[in-house]
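The values are calculated or read from the model by the stated rules, or taken from the named source; none is laboratory data. Computed from a predicted structure; not experimentally measured. Virtual Cβ from ideal backbone geometry, glycine too; neighbours counted across all protein chains shown.
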Amino acid sequence: RYKQLTTEDVQKFGSILPKDRMLVSKELGGSCDEKDLEGFNIDWIGKYKGNSQVVLFPVSAQEVSEILKYCNDQSIAVVPQGGNTDLVGASVPVFDEVIISMQKMNKIRSLDQDSGALVCDSGCILESLDDYISGFGLTMPIDLGAKGSCHIGGNVSTNAGGIRYVKYGSLHGSVLGLEAVLPDGTIVNNLSTLRKDSTGYDIKQLFIGAEGTIGIVTGVSILTARKPSSVNATILGLNSYENVRSTFRKAKSQLSEILSAFEFWDTKCMEITSDHFKLAKPFESDYPFYALIETSGSNAEHDEEKLTAFLENLITDEIAQDGVVAQDTTQQKKMWTFREGIPESLGKLGAVYKYDISLPISRLYGIVPDMKQRLIDAGVYAEKDGNPVPGYPVKSVVAFGHIGDGNLHLNIIADKYDPKVSSLIEPYVYEWVNSVEGSISAEHGLGVMKANCLKYTKSPEMIESMKQIKQLFDPKAIMNPYKFLPNE
Ligand code: FAD
């Protein structure tokens, strides 16, 4: 279906971009070997690996337009790439698609200090944007563990959620406008900084979460928030998932407007992460669950009073068994390492099967014991006194998540990716999610991993509409092929 790249194609790219903004394999007349291209061909978890021979680094929408127009005319498949922190195999090629990396398109275009509207190139790193606007008393409405590497364009393209979702909501609300290049090279500039605009179809929404399948996002206009002057963080030790739920309900009613994050994880996640980062656990005793609650406000005294009263209530009512409040920003950072360091720590233990699912909060953790039991029954996992028994293909089944958003990260750690283990996990995990009317992807997207599982969340009519949208924007299907939509 797609054209195999030739040296003529590479020459054409060389007429659009200077040589120092292209990586080309020796086979196609460049100087790169496999190692030089590896960082672009392999995903963050090391599960998906492509074999692209060419990586292009445009710095303007015009350059992206010329590249895409040529690829479209020649039926050359492409993969847009941001920070390559994606977890579903969406950001790396499946075969030898050309990678269009946005990492050198990273300028801030404007900041409106009245409205907080920030306009920037899509290749800006999330953390750099936060650092920049913090000088103006502002903060990004999105934050996630990969903030030091992921791009705002990647965040938009995956509809990333993260830890501030509970306070600032979805990117579908905070993105004000986008500049995007369509596969035929058309530049659609809708970099509006307006908060309100009711003039017809909201085309930008289609690009939010499109995973690079209908065009390349080159610019983003996003509504930033006031940087809170008072931030508090606390970690709680809890005896049951029911207590985690009750704590969340109480946090919503008692901390209400200052509640800015509510994360939880299980005891195994705590053990693995504290071991990996060599951090002392927050409490002398171990608990089945931990919750990290953050408050953000503008009046330190008021916020502390509220948090203290809330914690006292929790302990008195025996909902939380233990609690500690960070005394300064260093302690806050350490608390966040327990939570944000989980993905990295799990990844060091073996092959990780990652599931990012949306479920009713009441059912959120239920899938973990069910999955464990299924793996035990199949003889690939065993537990003694609640701890995994070594020597089985599956080493651990753990979970953590953004409880405030009904989003669980279920992680199954195995000694290697193995078809037998995979077939025990999937489609069971998706059927389970479907049975409680959840979503098979809360925030990571579909990529290669879930393209063929879309039916567990979307009806046939919705899938058909998605296919029609794809056909409209990308009739030659050059954008990020083999992903996102079920394969024909
Ligand atoms: P990439 O990984 O490069 O690409 C992701 C997808 O977007 C691909 O389909 C790619 O083709 C497309 N794309 C990238 N840039 C563009 C563009 N400019 N135009 C069009 N398409 C584009 N995700 C969450 O939602 N919440 C979390 O809390 C979270 N935590 C994480 C923690 C860790 C440690 C890691 C490694 C990942 C985490 N993620 C999380 C997943 C990941 O960071 C997000 O999906 C992120 O938004 C991806 O951004 P990126 O720039 O790395 O995009």
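So here's what we get for this one:
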{"quantity": "Whichever residue in the range 206-259 is among the aliphatic types (A, V, I, L, M) and within 14 Å of the ligand (Cβ to nearest atom) and, among such residues, is surrounded by the most Cβ atoms within 10 Å (Cβ to Cβ)", "calculated": "Val217"}
{"quantity": "Output for the range 138-158, where each listed residue is aliphatic (A, V, I, L, M), more than 12 Å from Glu211 (Cβ to Cβ) and in contact with a strand residue (DSSP E or B) (Cβ under 6 Å, 6 or more places away or on another chain)", "calculated": "Ile152"}
{"quantity": "Residue among Lys467, Lys476 that is among the basic types (Lys, Arg), touching a Ser or Thr at 6+ places or on another chain (Cβ under 7 Å) and away from the ligand (no atom under 16 Å from the Cβ)", "calculated": "Lys476"}
{"quantity": "Flag if Lys467 is closer than 17 Å to Thr213 by Cα and either at pLDDT 95 or above or not charged (D, E, K, R) (or both)", "calculated": "yes"}
{"quantity": "Listing of helices (runs of 4 or more DSSP H) fully contained in the range 301-385 that carry 3 or more residues being exposed (fewer than 15 other Cβ atoms within 10 Å of the Cβ)", "calculated": "329-340, 367-377"}
{"quantity": "Test result for Leu68, assigned by TED's automatic domain parsing to the domain that holds Ser192 and surrounded by 19 or more Cβ atoms within 10 Å (Cβ to Cβ)", "calculated": "no"}
{"quantity": "Selected residue (only one of Gly82, Gly162 is surrounded by 23 or more Cβ atoms within 10 Å (Cβ to Cβ), closer than 25 Å to Gly341 by Cα and at pLDDT 95 or above)", "calculated": "Gly82"}
{"quantity": "Filter result for Ile125 (of a type in the set (Val, Ile, Thr), in contact (Cβ under 8 Å) with a residue 40 or more places away in the chain and either more than 8 Å from the ligand (Cβ to nearest atom) or at negative phi (or both))", "calculated": "yes"}
{"quantity": "Flag for Phe283 being under 26 Å from the mean Cα position of the chain (by Cα) and on the phi < 0 side of the Ramachandran plot", "calculated": "no"}
{"quantity": "Members of the range 29-44 that are crowded, with 17+ Cβ neighbours inside 10 Å and of a type outside the set (Asp, Glu)", "calculated": "Gly30, Cys32, Leu37, Phe40, Asn41, Trp44"}
{"quantity": "Tally, over the range 387-433, of residues that are free of Cβ contacts under 8 Å to residues at least 24 places away in the same chain and over 16 Å from Leu349 (Cβ atoms)", "calculated": "2"}
{"quantity": "Residue satisfying all of: in the range 128-152; in a helix (DSSP H, G or I) and of a type outside the set (D, E, K, R); farthest from the ligand (Cβ to nearest atom) among these", "calculated": "Ser134"}
{"quantity": "Residue check, Thr186 under 27 Å from Lys476 (Cα atoms) and either within 11 Å of the ligand (Cβ to nearest atom) or in contact with a Cys (Cβ under 6 Å, 6 or more places away or on another chain) (or both)", "calculated": "no"}
{"quantity": "Residues (assigned to a helix (DSSP H, G or I) and in contact (Cβ under 8 Å) with a residue 40 or more places away in the chain) located in the range 437-471", "calculated": "Ile469, Lys470"}
{"quantity": "Helices (runs of 4 or more DSSP H) wholly inside the range 153-260 containing at least 1 residues that are assigned by TED's automatic domain parsing to the domain that holds Tyr132", "calculated": "165-168, 171-174, 204-207"}
{"quantity": "Out of Glu426, Glu443, sole residue that is touching a Gly at 6+ places or on another chain (Cβ under 6 Å) and surrounded by 15 or more Cβ atoms within 10 Å (Cβ to Cβ)", "calculated": "Glu443"}
{"quantity": "Close pairs from the range 138-153: first within 23 Å of Ile216 (Cβ to Cβ) and in contact (Cβ under 8 Å) with a residue 12 or more places away in the chain, partner in a loop (DSSP other than H, G, I, E, B) and among the β-branched types (Val, Ile, Thr), Cβ under 8 Å, at least 6 apart", "calculated": "Met140/Thr224; Pro141/Thr224; Leu144/Ile163; Ala146/Thr85; Ser149/Thr85; Cys150/Thr85"}
